[in-house]
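S.K.: Here's a structure for you.
The values are calculated or read from the model by the stated rules, or taken from the named source; none is laboratory data. In this text the structure is predicted, and so the values were computed from the model without any measurement. Neighbour counts are summed over all protein chains in view; Cβ atoms, including those assigned to glycine, are modelled from backbone coordinates with ideal geometry. With ligands, DNA and RNA removed, areas are computed over all heavy atoms of the protein, side chains included. Shrake-Rupley method; radii C 1.70, N 1.55, O 1.52, S 1.80 Å.
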Amino acid sequence: MSKYYTGDEIGSGSAKNFFDNAQNLDYWSNSTTLDSFKDRLGNSRKTLNGMQKQFVTQLTQQATTFKAQISQEDNDWRQQAQTQLLAAIAQRQAAASAITAAIQASGYQVLGNYAAGMTVTAYNQVIIANGVQYKPGPNIVLPYTLTGDSATDLKYFVSAGSGVLATDLSKPTGAGQLGTLSGGTVAQALSYFVTPEQFGAVGDGVADDTGAVQAAIDYAITHKIMAVYGGRHYATSSPVEIANVGVQGLTVRLLGLKALSTFIKPTEVDASTGLSKDVALSLWNAPALVKVGDDASNIANIELWVDYLDGGGITNGVNNYGFGYSLSHIHLGYATNCIQVIGTGNHTWPNASMRVTGHYWTGNGFGIILENGTGTNSPIVESWKIEVLFMAANRYAGVMFRKSGHYAQIRGDFDFNGQYFSILQLSAYTNLDNLVGQKNVYLTNGTTACEFMFYYTYRGSYYIVLREDKNVSAVGGAGSSYTAGQVLTTSFDSTVSLTVGAVNVCRDNASGTNYFDILMDFEGSAFAKLHFDCGYLSEIKGGAQHTCNIQYMNSFNALTNSNNGLAVGNSGSAMSFHNLAISDSPWLTTNSAFVNLDRYLYMKWRRTVGEQFLSTVTNSSSVYTNIFTLSEQSTDKIADEGTMFFVTINSNYGSMATFILRIKGTGITVTQPTDTDGAFEYRFIQAESGFTMQLRQESQASMNFLTNIVRIG
């Protein structure tokens, strides 16, 4: 039989002996040998199966190990390739950034037309080949000298194309390269304004834009640019100042301006240390969103326009300071959450002839407080023109005049203001004048202390105005903290004592519609001289109204119009005249039938004159001189009565007489003269038109007689 396996393949030992012996046929004749062979063959098969399984297991393990090794090497290669790629990208980006930075820093420089020997030393240098601009690419190594072979050189360059133009246009001077239809450049057309965004403003009403808005204003003033226009809402943490503009002119117009909660706090100088310290916010020390003024000169010819202004409850809108401002225009469209929308009194120079306009001011403390500043240069505020379409629901008042603002002109509508005021009529007072002109002075009834604003006299009574910290309206409010009979004192001056006689708050009239829209503190001043020309206005409170021209309307008082206190009412059939400084009752009423004086006719040292006749009568014992002729009158008759006259005769020699004459038709009744002193004689003779009185005298060569005739019935 053939041999199928070699000894090397099978191995050695029992298996090898088995195959060697198998070639000897005699070997198989013995059954024992055959059984032994079978056993050995079975064992060999088992051995082979074990070896096969072990081989397969080893091969599988080797394949798994190899696969894992290949995968790891693949991952390592991929990571290395990715790292190298990112490094290359970063390098390219760094190179591009460097190029961009260089371009932005200095702009492109044109070296000239392509030529051999030209050396490019910077990434912002440009060469021109065949009319196309080329700039260094990211793979070029600088400096690079052109060979003269454009195919060799230009592969290291890229077309500059619009990049040069884009770079140039992005520069501050870029607008100077754009033309306009009418000629000139865009830069010239836009040279009259700057914006806060040019100086970094965000304009979202949240980010602090104080520095950007201030920088825009300062830039416009320094470079004599006409305007600052901001078309977004700007939040600030400290006042924006308009200063050092003189009279050169400036317009600042912002869509919105609001105070951040971090807005600077009011401060004052500590007398003991000389250092500035924070103080509590009050009506009189609030910082402003905008400060106008400087210590160089009085600013004029400016226009400040803010469409939406929000003081955040912690600032004023606009304050003056230093020399302040005059002859300018402030427009605040919608103003809210201000202590005062416009505050004055911080100036040292006259601030006059201002125009203030607006659309809707609401939710503030005061709309405007006009008060003089301090110093020796007459820091008045006068002749302001105030025209806000509607000042409504401000806690204290729309406008308050503090012994200043003479010649002001006020227009617009007012309503719902003053609901945080109590106005107290005094029944007794001691040292009230000690409070005049004071600020931050509080009066107390022992329970509640409120700030004293001012006092005034009206129709013979004294009134004080107190600022409360709550709505005290008769309708919808808590009511006044004070009642009649209470005595008010103050820690400011222990000698002051005020007794409350009556209390007045908003909405305490019959219709619940009266509000304190305008306050006038002019007590002690010679006059007020204000002109009001308003649509709807509820009430003006304060003194010196009788020196003003007041024209307005409301729903509960027909007597709102007056000129120097004279008000005229008209029912359509009767006209009445009122002196509002004294009473609402008319002193004169007229209709088609009569003139009615509500009081007596006071002539002081003047006489009552009717028809007068001056006659000279010469001495005569028989001749009479005609003096006058009287007849019955048909006017002012009620029944068929006659007409009565009161006649007085006076002379230059002391002689006199009084008569009462009654004439009816052709009849006459004459009372006897009260005294003729025997100096003259009279008589009545019937004439064609009535009765003629005649005189005769014999005591003097001539006498003058003055006859006065007054009809009395």
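S.K.: Quick one: is Cys450 assigned to a loop (DSSP other than H, G, I, E, B), open to solvent by less than 10 Å² (accessible area, probe 1.4 Å) and not small (Gly, Ala, Ser)?
M.R.: No: the conditions fail for Cys450.
S.K.: Looking only at strands (runs of 3 or more DSSP E) that fall completely inside region 636-713, which ones have 1 or more residues that are open to solvent by 70 Å² or more (accessible area, probe 1.4 Å) and among the charged types (D, E, K, R)?
M.R.: Filter on region 636-713 gives 656-664, 680-687, 702-711.
S.K.: Same structure again: So the check is Cβ under 9 Å with 6+ separation or different chains; which pairs have a first residue in region 561-574 that's within 21 Å of Ile410 (Cβ to Cβ) and a second one that's among the acidic types (Asp, Glu) and exposed (fewer than 15 other Cβ atoms within 10 Å of the Cβ)?
M.R.: Once the first residue is within 21 Å of Ile410 (Cβ to Cβ) and sits in region 561-574, its partners that are among the acidic types (Asp, Glu) and exposed (fewer than 15 other Cβ atoms within 10 Å of the Cβ) give Ala567/Asp584.
S.K.: Right, something else. Kindly state which strands (runs of 3 or more DSSP E) lie completely within region 248-292 and contain at least 2 residues that are among the small types (Gly, Ala, Ser).
M.R.: Here the list reads 250-259.
S.K.: Here's a check for you: in region 613-635, which residue that is assigned to a loop (DSSP other than H, G, I, E, B) and in contact (Cβ under 8 Å) with a residue 12 or more places away in the chain is least open to solvent (accessible area, probe 1.4 Å)?
M.R.: Ser620
S.K.: Oh, and also: Please name all residue pairs, on different chains or six or more residues apart, with Cβ atoms under 7 Å, provided the first residue is in region 379-399 and is more than 17 Å from His531 (Cα to Cα) and the second residue is hydroxyl-bearing (Ser, Thr, Tyr).
M.R.: Every condition considered, the pairs that remain are Pro379/Thr348; Ile380/Ser404; Phe390/Tyr360; Ala392/Thr362; Ala393/Thr362; Asn394/Thr362; Arg395/Tyr420; Tyr396/Tyr420.
S.K.: Can Arg411 be described as in a loop (DSSP other than H, G, I, E, B), open to solvent by 20 Å² or more (accessible area, probe 1.4 Å) and modelled with pLDDT of 95 or more?
M.R.: Against the criterion (in a loop (DSSP other than H, G, I, E, B), open to solvent by 20 Å² or more (accessible area, probe 1.4 Å) and modelled with pLDDT of 95 or more), Arg411 does not qualify.
S.K.: Output the number of residues of region 530-552 satisfying the condition of being farther than 16 Å from Tyr456 by Cβ and either touching a Cys at 6+ places or on another chain (Cβ under 8 Å) or small (Gly, Ala, Ser) (or both).
M.R.: Going through region 530-552 one residue at a time, the tally reaches 6.
S.K.: I would also like to ask the following. Ser480 - would you say it is more than 27 Å from the chain's Cα centre (by Cα) and open to solvent by 40 Å² or more (accessible area, probe 1.4 Å)?
M.R.: No.
S.K.: Right, another one. Of the residues that sit in region 421-430 and are open to solvent by less than 60 Å² (accessible area, probe 1.4 Å) and of a type outside the set (Gly, Ala, Ser), which one is nearest to Ser494 (Cα to Cα)?
M.R.: Per the criteria, the residue is Leu426.
S.K.: Counting only residues that are within 21 Å of Thr357 (Cβ to Cβ) and open to solvent by 40 Å² or more (accessible area, probe 1.4 Å), how many does region 534-548 have?
M.R.: The total comes to 1.
S.K.: Residue by residue through region 110-149, note down the ones that are of a type in the set (S, T, N, Q) and under 12 Å from Ala160 (Cβ atoms).
M.R.: Asn124, Gln125, Gln133
S.K.: May I pose another question? For region 580-592, state whether one or more residues are in contact with a Gly (Cβ under 7 Å, 6 or more places away or on another chain) and either of a type in the set (Ser, Thr, Tyr) or assigned to a loop (DSSP other than H, G, I, E, B) (or both).
M.R.: Checked region 580-592: at least one residue is in contact with a Gly (Cβ under 7 Å, 6 or more places away or on another chain) and either of a type in the set (Ser, Thr, Tyr) or assigned to a loop (DSSP other than H, G, I, E, B) (or both).
S.K.: In region 196-227, what count of residues is obtained for those that are part of a loop (DSSP other than H, G, I, E, B) and small (Gly, Ala, Ser)?
M.R.: Number satisfying all stated conditions: 3.
S.K.: Among the polar types (S, T, N, Q) and touching a strand residue (DSSP E or B) at 6+ places or on another chain (Cβ under 9 Å) - does that describe any residue in region 516-532?
M.R.: no
S.K.: Which of the strands (runs of 3 or more DSSP E) contained wholly in region 298-406 include at least 3 residues that are open to solvent by less than 40 Å² (accessible area, probe 1.4 Å) and under 30 Å from Ala526 (Cβ atoms)?
M.R.: 302-320, 340-343, 366-371, 385-392, 397-402
S.K.: Every residue in region 48-81 that is at pLDDT below 70 and β-branched (Val, Ile, Thr), please.
M.R.: Val56, the sole residue that qualifies.
S.K.: Can you report the number of residues in region 275-294 which are farther than 20 Å from Val341 by Cβ and either open to solvent by less than 50 Å² (accessible area, probe 1.4 Å) or of a type in the set (Ser, Thr, Tyr) (or both)?
M.R.: Within region 275-294, residues that are farther than 20 Å from Val341 by Cβ and either open to solvent by less than 50 Å² (accessible area, probe 1.4 Å) or of a type in the set (Ser, Thr, Tyr) (or both) number 3.
S.K.: Inside region 508-533, can you point out the residues that are part of a strand (DSSP E or B) and open to solvent by less than 10 Å² (accessible area, probe 1.4 Å)?
M.R.: Phe516, Asp517, Ile518, Leu519, Met520, Asp521, Phe532
S.K.: Name the one entry in Tyr462, Tyr455 that is open to solvent by 40 Å² or more (accessible area, probe 1.4 Å) and part of a strand (DSSP E or B).
M.R.: Tyr462
S.K.: Does region 679-699 contain any residue that is over 17 Å from Asn626 (Cα atoms) and either of a type in the set (Asp, Glu) or free of Cβ contacts under 8 Å to residues at least 24 places away in the same chain (or both)?
M.R.: no
S.K.: Over 20 Å from Ser297 (Cα atoms), surrounded by fewer than 21 Cβ atoms within 10 Å (Cβ to Cβ) and of a type in the set (Phe, Trp, Tyr) - does that describe any residue in region 223-242?
M.R.: yes
S.K.: Show the residue pairs that are 6+ apart or on different chains and have beta-carbon atoms under 6 Å apart, the first residue being within region 421-449 and free of Cβ contacts under 8 Å to residues at least 12 places away in the same chain, the second being in a strand (DSSP E or B).
M.R.: As it stands, the answer is Ala449/Tyr442, since those pairs meet every condition given.
S.K.: Among the residues of region 139-172, write down those that are open to solvent by 40 Å² or more (accessible area, probe 1.4 Å), at pLDDT below 75 and in contact with a helix residue (DSSP H, G or I) (Cβ under 7 Å, 6 or more places away or on another chain).
M.R.: If the condition is that a residue be open to solvent by 40 Å² or more (accessible area, probe 1.4 Å), at pLDDT below 75 and in contact with a helix residue (DSSP H, G or I) (Cβ under 7 Å, 6 or more places away or on another chain), then Leu169 is the only one that fits.
S.K.: Checking Ser272 against (1) open to solvent by 70 Å² or more (accessible area, probe 1.4 Å); (2) at pLDDT 95 or above, which test does it fail?
M.R.: Of (1) open to solvent by 70 Å² or more (accessible area, probe 1.4 Å); (2) at pLDDT 95 or above, only one is false for Ser272: (2).
S.K.: When only residues in region 251-308 that are charged (D, E, K, R) and touching a Phe, Trp or Tyr at 6+ places or on another chain (Cβ under 8 Å) count, which is nearest to Tyr360 (Cα to Cα)?
M.R.: The residue in question is Asp307.
S.K.: Could you list, in sequence order, the residues of region 425-447 that are aliphatic (A, V, I, L, M) and part of a loop (DSSP other than H, G, I, E, B)?
M.R.: Within region 425-447, Val436, Val441 qualify.
S.K.: State the number of residues belonging to region 559-584 that are touching a Pro at 6+ places or on another chain (Cβ under 8 Å) and either surrounded by fewer than 18 Cβ atoms within 10 Å (Cβ to Cβ) or closer than 24 Å to Lys529 by Cα (or both).
M.R.: Summing the residues that are touching a Pro at 6+ places or on another chain (Cβ under 8 Å) and either surrounded by fewer than 18 Cβ atoms within 10 Å (Cβ to Cβ) or closer than 24 Å to Lys529 by Cα (or both) in region 559-584 gives 3.
S.K.: Tell me which residues, restricted to region 261-315, are free of Cβ contacts under 8 Å to residues at least 24 places away in the same chain, polar (S, T, N, Q) and out of contact with any strand residue (DSSP E or B) (no Cβ under 6 Å at 6 or more places or on another chain).
M.R.: Ser272, Thr273, Asn285
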